[in-house]
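Colleague: Please read through the structure below; I'll follow up with questions.
The values are calculated or read from the model by the stated rules, or taken from the named source; none is laboratory data. As the structure is a computational prediction, the values presented were derived from the model and not from experiment. Quick reminder, even Gly has a Cβ in these numbers, built from the backbone with ideal geometry, and neighbours come from all protein chains shown. Remember, those area values only see protein heavy atoms, side chains included, never the ligands or the DNA or RNA. Shrake-Rupley method; radii C 1.70, N 1.55, O 1.52, S 1.80 Å.
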Amino acid sequence: MVEDTNLKILKILVEQKAIKDVSNLKDIQKQITEGASLHQLLVDSGQVDGDVLAQVIAGVYELPTVDLKDHRIEQDVLSIIPESTARGHMIVAYRQNEKGLLVAMADPADRQIVEFIRKKVDVPVVLAVGSIGAIRDALGQYQQSLEVELGDIVDQELKNVGHPSDDLSEAAEDLPIIKIVQAILKHAITEGASDIHIEPTEKRVIVRYRVDGILRDSLILPRVVLAGVVARIKVLSNLKIDEHRLPQDGRFKIEAEEYKVAFRVSTLPVFDGEKVVMRLLDESSNTLNLGNIGIRPKPLKVMRRIIKRPHGMVLVTGPTGSGKTTTLYATMKEINTAGVNISTIEDPIEYRMPRINQTQVHPKIGMTFANGLRALVRQDPDIIMVGEIRDEETAALAVNAALTGHLVLSTLHTNSAAGALPRLRDMKVEAFLLASTLNLVLAQRLVRKLCEKCRKKTKITADVLDDLKDNFDVEDILETLKREKVVPSKATWDQIEVYEAAQCEYCKDGYKGRIGIYELIEFDSKIQAILTAKITSGELEKVAREQQNMVSMLEDGMLKVAEGITSLEEVLRVARE
């Protein structure tokens, strides 16, 4: 039985003390017996190092391990296993020699896929176990063939596109147009883009992807395909094809074995035609996990304890695009059990989640946050998620819901955790009500992660340190680094090794992916006691630092710099914003 083998692997990991937090071990065991993936439970949640898990799995199955990091795979070998199959089963062909086809896989229990490959290649298949991270990196090499595919479509298929048809529905079904749109969407998913911009100019159409928060040109198309491409996207999104004068909003979904992505579509009339922007929302469950978004172990433990309370308010703060909604969804995923009723009111609904009742705001017809929240409290909810507290009425209703036995999750636009207090008071929420209802405020930003394949070690120069001193309390930061044990207790700034961005074909600009930097204030009895109508955010922050050892967002960023996760330049860029 696969479950028995996975429990054996778990037991070995416990014996080796390879699991960071064993407090929820029984829950992990239960999920394993229910068929949950070891990688998802342990590696994606940050509980176990991927390489360690790979070594234990290899030992149990009596197979060798293979390190695919920085391993360039020949395209003809890589393509032996189709990309969708490789991603769906986390398996990759990495070499072919006299022994046969050498294949790395994360889960050797998946015997069906091994038999499928054996029948296909008609040569011996030599198995090895690879870490989930290394296999995901190796799968990124399919990207090259995708770029070739994109080039072929643009260079060859477009020769078949004549002048745009007057019949837009006919243009939307034109084969080259379908292939172009498919390639744009698939390329964006593989690149890890969060947004696609299709922008018309006088003579051409520019396609741009936002990757890790940065917008970059990706493709230039001839102007002649604009009408067909826009019409095709409108057909997919169920929008009016012949409406060009008004903005429209729609949505569609692409599902494959290896991903499930929703596209939120917005069209806007501009001088040269219609611009289309699509937001990509990855609905794969493994991306929404409190354990892998960057919250450090101590504040994560506090957050996990507080979100299990039956009532009160948990707020996530930060500017637009700082990942607040993702944090709320990860929180809901963690507390979403059959024993609770979770209801949300959102604008817009970002991710669809099973067993959660999600409601879309429609201000034009009177469905505002406040009206929606009024209706939600009559739906017998245990947990209510309000997409954003924007006005006095919503704030009053959210506080009242928290007072009357509900757990309320929401977001606020403030720059810091302590800044939530004056923001709520501006919305006429009384201090004594905040003392009774507020459980926790988490403030966050997103920073780009350094590419592990090409990052370079460096030291903090005197010029950079002077810049730090001009803007921040460097002694406080250094003390935090020592207290959190990421630098030696006697280290000075000039002794601390950090990493800086380089460049390689894997990352293109030295960064790959994003991670959050956070600060958390728990509104415990000591802090509730000082909440008065006159307390400032600065005073609240000072008390939180003295009594809870609160790590500020800048300090959390510096901890991630010292650990080689991100660069000093990236943290300073975000801190100055």
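Colleague: Could you rank the peptides 53-63, 511-521, 392-402 by their average count of other C-beta atoms within 10 Å per residue, with the highest value first?
Modeller: On the way: 53-63: 18.1, 511-521: 22.7, 392-402: 20.7.
Put in order of decreasing packing, that is 511-521, 392-402, 53-63.
Colleague: Sort 541-553, 210-222 by packing, meaning the average of other beta carbons within 10 Å per residue, with the highest value first.
Modeller: Going by the mean number of other Cβ atoms within 10 Å, highest first, we get 541-553, 210-222.
Colleague: Oh, and also: What Kirkwood Rh does the range 431-577 have if only Cα atoms enter the pairwise 1/r average? Answer in Å. Don't skip to the answer; put the middle values down first.
Modeller: Values: mean 1/r = 0.0595 Å⁻¹.
Across the range 431-577, the inverse of the average 1/r is 16.8 Å.
Colleague: Could you state the accessible area per residue of the range 513-572 in Å², with a 1.4 Å probe and every protein chain left in place?
Modeller: Numbers: 2330 Å² over 60 residues.
Averaged over the residues of the range 513-572, the accessible area is 39 Å².
Colleague: For the pair Lys508/Tyr61, report the inter-label distance in nm, with labels modelled 7 Å from Cα in the Cβ direction.
Modeller: That separation, rounded to one decimal, is 3.3 nm.
Colleague: Here is a further query. For the full complex of protein chains and a 1.4 angstrom probe, list Thr5, Thr267 by accessible area with the highest value first.
Modeller: Numbers: Thr5 35, Thr267 0 Å².
Result of the area sort, largest leading: Thr5, Thr267.
Colleague: Could you calculate the FRET efficiency of Met367 with Asp426 from 1/(1 + (r/R0)^6), where r is the beta carbon distance between them and R0 is 30 Å, rounded to 0.05?
Modeller: 0.75
Colleague: Would you mind telling me the share, in percent, of accessible area of the range 449-550 contributed by carbon and sulfur at probe 1.4 angstrom?
Modeller: Details: 2620 of 5920 Å².
Here carbon and sulfur together make up 44 percent of the probe-accessible area.
Colleague: Then there is this: Would the range 19-110 count as rounded, prolate or oblate if I go by the C-alpha gyration tensor, calling it rounded below 1.5 in a/c and otherwise prolate when a/b exceeds b/c, oblate otherwise? Walk me through the intermediate numbers first.
Modeller: Details: a/c = 2.38, a/b = 2.10, b/c = 1.14.
Prolate is the answer for the range 19-110, as a/c is 1.5 or above and a/b outweighs b/c.
Colleague: Per residue, how much accessible area does the range 323-458 have with a 1.4 Å probe, in Å²?
Modeller: Details: 5680 Å² over 136 residues.
Normalised by residue count, the accessible surface of the range 323-458 is 42 Å².
Colleague: So, with a 1.4 angstrom probe, what is the percent of accessible area on the range 1-114 that is carbon and sulfur?
Modeller: On the way: 2860 of 6040 Å².
C and S fraction of accessible area: 47 percent.
Colleague: Once you order the gyration tensor axes a ≥ b ≥ c over the Cα atoms, which shape class does the range 290-431 get: rounded for a/c under 1.5, otherwise prolate or oblate by comparing a/b with b/c? If you can, show how the numbers build up before the last one.
Modeller: Numbers: a/c = 1.36, a/b = 1.11, b/c = 1.23.
Taking the square roots of the gyration eigenvalues as a ≥ b ≥ c, the range 290-431 is rounded.
Colleague: For the range 427-472, with equal point scatterers placed on the C-alpha atoms only and solvent neglected, what are the log10 I(q)/I(0) values from the Debye formula at q = 0.18, 0.19, 0.21 1/Å, to two decimals?
Modeller: Taking Cα atoms of the range 427-472 as identical point scatterers yields -0.81, -0.85, -0.92.
Colleague: Return the FRET efficiency for the residue pair Thr404, Asn292: r is the Cβ-Cβ distance, R0 is 56 Å, and the value is rounded to the nearest 0.05. Walk me through the numbers on the way to the answer.
Modeller: Details: r = 34 Å, r/R0 = 0.61.
E between Thr404 and Asn292, to the nearest 0.05, is 0.95.
Colleague: Can you list the cysteines of the chain that have no other Cys Cβ under 4.7 Å away?
Modeller: Taking the Cβ cut-off of 4.7 Å, the chain has no unpaired cysteines at all.
Colleague: Compute the label zone of Thr461 within the range 555-577: residues whose backbone N is under 13 Å from the point 7 Å along Cα-to-Cβ.
Modeller: In the range 555-577, the label zone of Thr461 (backbone N under 13 Å from the point 7 Å along Cα→Cβ) covers 569.
Colleague: What nm value, rounded to one decimal, do you get for the distance between Lys99 and Asn336 when each label is placed 7 Å out toward the C-beta?
Modeller: My value for the distance between the label points is 4.3 nm.
Colleague: Now a separate question. Carbon and sulfur together cover what percent of the accessible area of the range 318-392 at a 1.4 Å probe radius? Write out the running numbers ahead of the final one.
Modeller: Numbers: 1730 of 3530 Å².
Whole-percent figure for carbon plus sulfur exposure: 49.
Colleague: Return the loop-located chymotrypsin sites (Phe, Trp or Tyr not before Pro) in the range 239-275 (DSSP other than H, G, I, E, B) with at most 14 other Cβ atoms within 10 Å of their own Cβ; answer none if there are none. Working shown, then result.
Modeller: Details: sites: Phe252, Tyr259, Phe263, Phe271; in loops: Tyr259, Phe271.
Counting only loop positions with at most 14 other Cβ atoms within 10 Å, the chymotrypsin sites (Phe, Trp or Tyr not before Pro) in the range 239-275 are Phe271.
Colleague: Then there's this: In terms of the Cα gyration tensor, with a ≥ b ≥ c the square roots of its eigenvalues, is the range 239-325 rounded because a/c is under 1.5, prolate because a/b exceeds b/c, or oblate?
Modeller: On the way: a/c = 3.11, a/b = 2.14, b/c = 1.45.
Prolate shape, in that a/c is at least 1.5 and a/b is the bigger ratio.
Colleague: May I pose another question? In what order, largest first, do Tyr499, Tyr329 sit by accessible area if the probe radius is 1.4 Å?
Modeller: On the way: Tyr499 50, Tyr329 0 Å².
From most exposed to least exposed: Tyr499, Tyr329.
Colleague: Right, something else. So, taking all protein chains as they sit and a 1.4 Å probe, how much accessible area belongs to Glu274, in Å² rounded to tens?
Modeller: Number for this one is 10 Å².
Colleague: With r as the distance between the Cβ atoms of Asp470 and Gln547 and R0 = 41 Å, compute the FRET efficiency 1/(1 + (r/R0)^6) and round to 0.05.
Modeller: Working: r = 29 Å, r/R0 = 0.71.
Step by step, r from the Cβ atoms, then E = 0.90.
Colleague: Can you tell me the order of 107-117, 488-498, 404-414 when each peptide is scored by its average per-residue count of other Cβ atoms within 10 angstrom, highest first? Don't jump to the answer; show the numbers that get you there.
Modeller: Numbers: 107-117: 15.5, 488-498: 12.5, 404-414: 20.3.
The densest-packed peptide leads the list: 404-414, 107-117, 488-498.
Colleague: Moving to a separate point now. If each of Ser169 and Glu74 carries a label point 7 Å out from its Cα toward its Cβ, how far apart are those two points in nm?
Modeller: Roughly 5.1 nm, to one decimal.
Colleague: For Lys119 and Asp494 in the same chain, what is the full-extension length gain: residue separation times 0.36 nm, less their Cα-Cα distance, in nm? Could the numbers behind the result be given before it?
Modeller: Numbers: separation 375, 0.36 × 375 = 135.00 nm, distance 5.90 nm.
Working it through step by step, the gained length comes to 129.1 nm.
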